[in-house]
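Notes for the one structure printed next.
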Amino acid sequence: MRKAQRFSWMILLNAFINRVQLTTDGHHAYLQAVDNAFDDDIDYAMLVKSYESSQEETLYSPARCTGSDKKRISGNPDPKNVSTSYVERQNLTMRMCMRRFSRLTNGFSKKVENHLSFVPALYVL
């Protein structure tokens, strides 16, 4: 990461009163990205989930989660707050919002008034 980008992250981190805690899923690319961006300036944990299913089951439905493991990566993350639920919910909200633009989906705005009243919320989220 360039020094200017790292400097920008440090300005952002200094704006917080409390120390920042970050949780990611088990995707290994996050390890290098978080280390490059923050070094040891945040409390960082990974939530690694285990899944079980046969090939046929995963074709049309998600695999069944059989467990999860919370791993401390750096700093001192609070185990009670190690969760990916917040960002998963945000991703779902964004996907549902985008669906307002696609016909034949359950999120499509049938009335132009509903669509126009919701569009500004996309820029606030």
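FYI, it's all coordinate maths here, none of it is from the lab. A quick note: this is a predicted structure, and the numbers were derived from the prediction, not measured. Cβ sites come from the backbone with ideal geometry, for glycine too, and all protein chains shown count toward neighbours.
Relative to the current alpha-carbon distance between Asp25 and Val87, full extension at 0.36 nm per residue lengthens the span by 21.3 nm. In this structure, the amide hydrogen of Leu22, modeled 1.01 Å from its nitrogen in the peptide plane, lies closer than 5 angstrom to those of Asp43, Tyr44, Ala45, counting only residues at least 5 positions away or on a different chain. Placing pseudo-labels 7 Å out from each Cα toward the beta carbon at Asp39 and Asp78 gives an inter-label distance of 2.6 nm. Summing +1 for each Lys or Arg and -1 for each Asp or Glu among the other residues whose beta-carbon sits under 13 angstrom from that of Pro79 gives +1.
Which order do the peptides 20-31, 75-86 come out in when sorted by mean C-beta neighbours inside 10 angstrom, highest first? Walk me through the numbers before you get to the answer.
Values: 20-31: 14.2, 75-86: 12.6.
Put in order of decreasing packing, that is 20-31, 75-86.
Per-peptide packing, taken as the mean over residues of other Cβ atoms within 10 Å, places 38-51, 61-74 in the sequence 38-51, 61-74 from highest down. Spin-label pair Met96-Gln32: with each label point 7 Å from Cα along the Cα-Cβ axis, the two points sit 3.6 nm from one another.
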